[in-house]
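What follows is a short report on a single structure.
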Amino acid sequence: LARRDWPRATEMLALARDTTMRGRSAAYIDLDYYDALLALGTGRPNDARKALDRSHREAARAGETPTYLQLARRAEAEALLGRLDTAEASLRAAMARFERYRASRETREQRLAALGYAGDENDPDVGVATVVAALARAGHTTSAFDFSERTKARELLDGMARREALRDPSTDRPEAREAALTK
């Protein structure tokens with residue numbers, strides 16, 4: 001998925017599903033979420049929506065609520081399908097979920113570290129830009145601006161967290177990682 005090699009991703013996902021079905025996987029992996037990523041990457045937003053529905057049902061069976069990533073991807077699929085009201089509601093729910101998670105962290109460092117949770121390592125914006133662009137094109141400029149500003153604020157906080165992590169406690173000045181490693 002990260003390399004956008006869709007045929008290989010399809011093959012690997014089928015192998016992962018086979019391994020899971022045969023009980024060889026020690027941990028639960030939400031393969032339906034990865035099905036949704038594959039469907040989004042190959043231009044099949046309706047299939048992505050169906051895969052996310054399965055993912056949500058499985059989470060509900062386990063007593064869990066949808067994650068930020070699941071909700072953000074749902075918003076992306078809905079936007080691609082032209083269902084902008086649903087996309088907007090899903091993205092609002094995703095951002096609220098993330099903010100609740102972040103606020104539940106006990107220390108400032110944990111709250112800053114939570115910012116890394118807001119993205120997928122292979123696609124940091126998790127479809128938010130797709131939703132914002134679709135909303136803006138359709139004239140939903142207030143919502144598009146709101147989502148855009150919230151995303152920019154999160155990126156600013158993330159940058160501040162990275163800078164804070166590179167601070168030299170003895171001088172209270174930021175240092176480059178390379179310089180810190182050579183000491």
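Throughout, read-outs are computed from the coordinates displayed, never taken from laboratory work. Bear in mind that the values here come from a model prediction, so they are computed numbers and not experimental data. Cβ placement follows ideal geometry from the backbone for every residue including glycine, while neighbour counts extend to all protein chains displayed.
In order along the stretch 80-86, phi translates into HN-Hα couplings of 5, 7, x, 8, 5, 5, 5 Hz, rounded to whole numbers, per the Karplus curve 6.51 cos²θ - 1.76 cosθ + 1.60 with θ = phi - 60° and x for Gly and Pro.
When peptides 135-147, 39-51, 67-79, 4-16 are ranked by their average number of other Cβ atoms within 10 Å per residue, the highest-first order is 67-79, 39-51, 135-147, 4-16. A simple charge model with +1 on the Cβ of Lys and Arg, -1 on the Cβ of Asp and Glu and nothing else charged puts the dipole of the stretch 57-109 at about 100 debye relative to its Cα centre.
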